[in-house]
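All remarks here apply to the structure that follows.
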Amino acid sequence: MAEKRHIPPGLWVKCKYCNEIVYRKEVERNLNVCPKCNYHFRITAREWIDLLCDQGSFQEYFPSLESVDPIYFHGDVKYKDRLGEVQKETNLKEAVIVGKALLNGIPAVLSIFDFNFLGGSLGAAAGEKITRAMELAINERLGFVNISSSGGARMQEGIFSLMQMARTCAALRKVKENRLPYISVLADPTTGGVAASFAMLGDVNIAEPRALIGFAGPRVIEETIKQKLPEGFQRAEFLLLHGMIDIIVERRDMKNTLSRLLRIFSH
């Protein structure tokens with residue numbers, strides 16, 4: 001009888017798009033992109049920084065800003081307790097990291113969502129960080145780049161979360177009044193209040209392949225209108241076809257694309 005070999009956990013990963021089982025290290029070597037179908041797995045904010053920014057150039061701003069519990073939200077777990085748990089799990093204070101960096105030598109201000117932090121939800125602290133980042137871009141006369149990966153507004157903060165949609169759009173207007181470029185990158189997923197506000201207002205809106213982008217999810221829409229949606233509805237390719245985004249860029253090309261756009265807009 002053949003001896004069973006022990007396979008360490010986490011050695012393989014299942015692609016949720018093509019359902020193929022792929023060797024995890026092969027996916028990681030491929031910038032967390034499925035080698036079978038080109039599905040772009042979600043990556044963390046820190047991984048985005050490593051991917052986009054020239055080595056050692058990223059300077060984080062406002063790292064100590066974090067959410068409080070403005071409406072004393074109590075679900076199965078208290079919001080304050082859940083925040084503490086996810087901060088330990090992710091080693092982040094909030095769902096957004098902001099800072100200044102060089103992209104192929106081109107300086108820019110960045111804000112980057114991390115979906116692992118409560119689904120990349122937009123709360124008061126995240127909105128404050130994004131607003132301050134936009135103000136930093138204005139003060140330093142730099143282009144502003146936002147990487148979205150978010151389920152939308154953070155329900156545990158109620159109206160304080162929804163206010164961030166208007167607040168970030170108001171700050172963004174000042175960026176545009178100062179004739180500074182705003183490039184929005186839509187990663188999987190970009191939905192809810194983030195999609196309904198500043199994420200779709202870029203001078204150039206870029207999406208990763210097959211990213212889910214929209215306000216309400218397709219399942220919710222189908223249940224509401226009682227109709228079957230078109231194939232690929234709310235995926236990046238569908239939005240490009242219908243003029244909602246400007247370009248789809250693969251992860252391996254993202255840094256060069258962003259630096260090229262920043263260089264063009266700076267002249």
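Below are the figures for this structure:
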{"read-out": "Label corresponding to Kirkwood radius over Cα pairs in Å when calculated from the structure given, among [x] 18.9; [y] 19.4; [z] 18.0", "value": "[y]"}
{"read-out": "Leading residue at positive end of dipole, the stretch 31-93 (Cβ point charges), from HIS74, GLN59, CYS34", "value": "CYS34"}
{"read-out": "Long-range HN-HN contacts of TYR61 with modeled amide H, under 5 Å", "value": "VAL98, GLY99, LYS100"}
{"read-out": "Backbone HN-Hα couplings from phi across the stretch 126-141 [Karplus 6.51/-1.76/1.60, Hz, Gly and Pro as x]", "value": "5, x, 5, 5, 5, 4, 5, 5, 5, 5, 4, 4, 5, 5, 9, 6"}
{"read-out": "Highest average packing first - 60-67, 223-230, 149-156, 138-145, Cβ atoms within 10 Å", "value": "149-156, 138-145, 60-67, 223-230"}
{"read-out": "Amide H partners (placed H, <5 Å) of ARG210, local residues excluded", "value": "ALA236, GLU237"}
{"read-out": "Calculated from backbone phi, Karplus (6.51, -1.76, 1.60) coupling profile of the stretch 62-78 in Hz, x at Gly/Pro", "value": "6, x, 8, 5, 8, 6, 10, 10, x, 10, 6, 6, 10, x, 4, 10, 4"}
{"read-out": "The chain: Cys lacking any partner C-beta under 4.7 angstrom", "value": "CYS53, CYS169"}
{"read-out": "Beta bridges per DSSP with both ends in the chain, % antiparallel, nearest 5", "value": "45 percent"}
{"read-out": "In Hz, Karplus ³J(HN,Hα) per residue of the stretch 81-95 (6.51, -1.76, 1.60; θ = phi - 60°; x = Gly, Pro)", "value": "5, 5, 4, x, 5, 6, 5, 5, 5, 9, 6, 10, 7, 8, 7"}
{"read-out": "Highest-first arrangement of 179-190, 84-95, where packing means the average Cβ count within 10 Å", "value": "179-190, 84-95"}
{"read-out": "Entries in LYS88/LYS129; LYS25/LYS93; LYS14/LYS36; LYS16/LYS129; LYS93/LYS255 that, when Cα-Cα distance is taken, lie over 22 Å", "value": "LYS25/LYS93; LYS16/LYS129; LYS93/LYS255"}
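All of the numbers you see were taken from the coordinates with simple rules; none came from a lab. Predicted model only: the values in this text are computed from it and were never measured. Cβ coordinates were reconstructed from backbone atoms using ideal geometry, including for glycine residues, and neighbour counts include every protein chain displayed.
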